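Working notes, beginning with the structure itself.
No value in this document is a laboratory result; all are computed from the given coordinates. Computed from a prediction, not measured in an experiment: that's the story for all the values here. Cβ placement follows ideal geometry from the backbone for every residue including glycine, while neighbour counts extend to all protein chains displayed.
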Amino acid sequence: MNAHTGHVLVVGGGISGLAAAFHLVTGGARVTVLEASDRLGGKLYADEIAGVPVDLGAEAMLARRPEAVRLARDVGIGDQLEPPATARAALWTRGRLRPMPRGHIMGVPGDLGPLSASGVLSPAGLARLPLDHVLPRTEIGEDVAIGEYVAARLGREVVDRLVEPLLGGVYAGNAYQISLRAAVPQLYQAARGRRSLIEAVRAMQRRTDAAAQDTPVFMGVRGGVGRLPLAVADACREACADIRTGTEVRELRRTSSGWQVVTRGTGGQTVLEADAVVLAVPAPAAARLLGAESPVAAAELGTVEYASVALVTMAFRRRDLLNMPDGSGFLVPPVDRQTIKASTFSSRKWGWLDEAGGDTFVLRTSVGRYGEETDLAWDDTDLVRLSREDLAEAAGITAAPVAARVTRWDGGLPQYPVGHLDRVARIREQVAKLPGMSVCGAVYEGVGIPACVASARRAADEVLRTLAGRSAGTLRPGIQDGAGE
């Protein structure tokens with residue numbers, strides 16, 4: 001037995017909670033995972049359409065951050081990792097599909113040649129770009145909205161037609177509100193040291209191009225990224241972790257030597273006791289559970305806002321799509337006022353899906369953005385209809401799908417406005433005052449899968465250090481059940 005073995009409750013069975021559980025069990029802790037819904041994985045969700053396996057949530061993970069790839073290898077699916085077959089995307093803007101210009105960082109251009117040739121910007125927008133090299137140097141300060149800063153240096157067209165759709169794919173947010181420091185920290189640092197924003201992007205691009213020789217930008221998983229949390233859960237179970245779905249945590253209380261939670265599930269109410277707790281749930285749930293023990297942290301968590309989105313996944317007969325455009329899909333700038341904000345030609349983007357589909361071709365669209373979620377009020381049938389109308393106009397896809405599924409992620413993506421990292425620091429400072437309590441998830445260090453895994457490992461390490469600092473005699477004996485109380 002490890003010297004710091006103790007019992008840890010992990011609240012939340014998404015990728016953050018499961019990654020924390022995996023790190024805890026490999027560190028010697030006894031773990032119970034409590035998930036309120038009836039399935040594991042959170043926003044990573046692999047299922048099927050027309051008999052073809054697909055992702056109905058996130059479909060890729062950044063591979064140049066090592067955490068998610070390492071986790072996949074640690075739980076035995078490293079041989080199932082696969083980069084996209086093509087990453088050549090387009091922008092549906094100014095009336096037609098236009099090639100996504102090369103040489104940008106989150107839409108901020110570093111190479112003006114491809115940008116000029118793409119037709120994404122108007123002549124007036126292109127004429128604005130050279131001013132970036134002659135403007136006086138301006139200090140970014142502690143933080144700034146990425147849209148505000150880029151518009152001041154390169155003009156609003158760059159933000160509206162390039163930065164917005166790229167950021168929308170990650171945060172479903174508004175570039176004029178999203179923090180540069182939180183969302184694109186490498187660009188924030190590079191821009192602080194240079195007068196020209198374009199030169200900062202070029203410097204970053206040189207480093208990116210060097211890294212690309214060894215590591216793909218993104219990775220998927222054969223059968224769907226949604227397989228990753230299930231593989232992590234299996235590895236946790238093999239290490240004797242107890243994983244419970246359909247178990248909502250209603251209350252969280254400190255005790256003289258640890259923590260107590262009150263849950264409700266199919267068996268009624270249960271009281272569980274443990275030495276430590278990891279909260280791997282969205283900000284509203286974390287705020288509710290911490291309200292009694294840390295009202296300041298709860299208040300900060302209560303200020304986090306979320307965007308809701310819907311994914312419309314459709315299956316077509318390949319013979320009906322012979323004239324569809326090349327590439328992996330397209331993004332849509334909000335300024336163009338279309339219903340969909342993106343479409344991914346999934347069977348073309350992922351080789352494994354192309355093989356699995358046979359005569360079936362899968363594509364999907366996304367609808368919804370922070371502050372512009374009116375379209376989400378449509379029912380599923382109408383979302384499919386509106387998506388098809390946009391696909392016909394943008395890409396000439398007029399065929400009827402043989403199957404369609406709408407997956408709604410209500411309150412799915414936390415927003416990172418200016419000052420978000422300071423808010424996170426205040427939350428962590430307050431939570432650190434609660435021995436044996438830690439937090440992780442998309443709200444703290446990034447919404448991508450690697451960032452969630454990194455925050456999970458950080459939370460698990462904090463708990464393991466707490467357990468290691470206690471003597472064996474102070475550890476709680478385990479679980480007390482109080483069904484029916």
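A few comments on the model shown:
- Helix axis angle, 420-431 relative to the chain longest principal axis, alpha carbon, degrees: 0
- Counting neighbouring Cβ atoms within 10 Å and putting the fewest first, the residues Asp38, Asp375, Asp132, Asp380 line up as Asp38, Asp380, Asp375, Asp132.
- When all alpha carbon pairs of segment 89-212 are counted in 10 Å bins from zero, the resulting P(r) reads 14, 48, 34, 4 %.
- Karplus-derived HN-Hα couplings along segment 10-15 (A = 6.51, B = -1.76, C = 1.60, θ = phi - 60°), whole Hz, x at Gly and Pro: 9, 9, x, x, x, 5
- Each Cα pair under 8 Å and six or more residues apart adds its sequence gap; the mean of these over the residue count of segment 18-61 is a relative contact order of 23 percent.
- Ranking Ala152, Ile178, His104 by how far each Cα lies toward the positive end of the dipole of segment 89-212 (charges on Cβ) leaves His104 at the top.
- Neighbour-count ranking [beta-carbon atoms within 10 angstrom, fewest first] of Met204, Met61: Met204, Met61
- Net charge dipole, segment 247-352: roughly 580 debye, given to the nearest 20, about the Cα centre with Cβ charges of +1 for Lys and Arg and -1 for Asp and Glu.
- Residues Ser196, Ser438, Ser347, Ser37 arranged by fewest to most Cβ contacts within 10 Å: Ser37, Ser196, Ser347, Ser438
- Cα pair distances exceeding 19 angstrom across segment 285-339, given as percent: 62
- Helices in the chain, meaning DSSP H runs of at least 4 residues, each add -39500 (n - 2.57). Divided by all residues, the mean residue ellipticity at 222 nm is -10000 deg cm²/dmol.
- When +1 charges are put on Lys and Arg Cβ atoms and -1 charges on Asp and Glu Cβ atoms, the dipole computed for the chain relative to its Cα centre reaches about 1060 debye.
- Considering only Val335, Gly113, Gly396, and ranking their Cα positions along the charge dipole of the chain that arises from unit charges at the beta-carbon of Lys, Arg, Asp and Glu, the one farthest toward the positive end is Gly113.
- Taking Cα atoms only, the orientation of helix 449-468 departs from the longest principal axis of the chain by about 20 degrees.
- Magnitude of the charge dipole for segment 89-212, about its Cα centre and with charges confined to Cβ atoms of Lys, Arg (+1) and Asp, Glu (-1), is about 300 debye.
- Looking at the chain, the DSSP beta bridges with both ends there are about 75 percent antiparallel.
- 3J(HN,Hα) couplings calculated from phi for segment 117-129 with the Karplus curve 6.51 cos²θ - 1.76 cosθ + 1.60 (θ = phi - 60°) are, in sequence order, 6, 6, x, 5, 9, 6, x, 5, x, 5, 5, 6, 5 Hz; Gly and Pro show x.
- Sum of side-chain charges, Glu139 neighbourhood, beta-carbon under 15 Å (Lys, Arg +1; Asp, Glu -1): +3
- Neighbours of Asp79 by Cβ distance under 11 Å: Lys/Arg scored +1, Asp/Glu scored -1, total +1.
- Relative contact order of the chain, pairs being alpha-carbon contacts under 8 Å that are 6 or more residues apart, as %: 26
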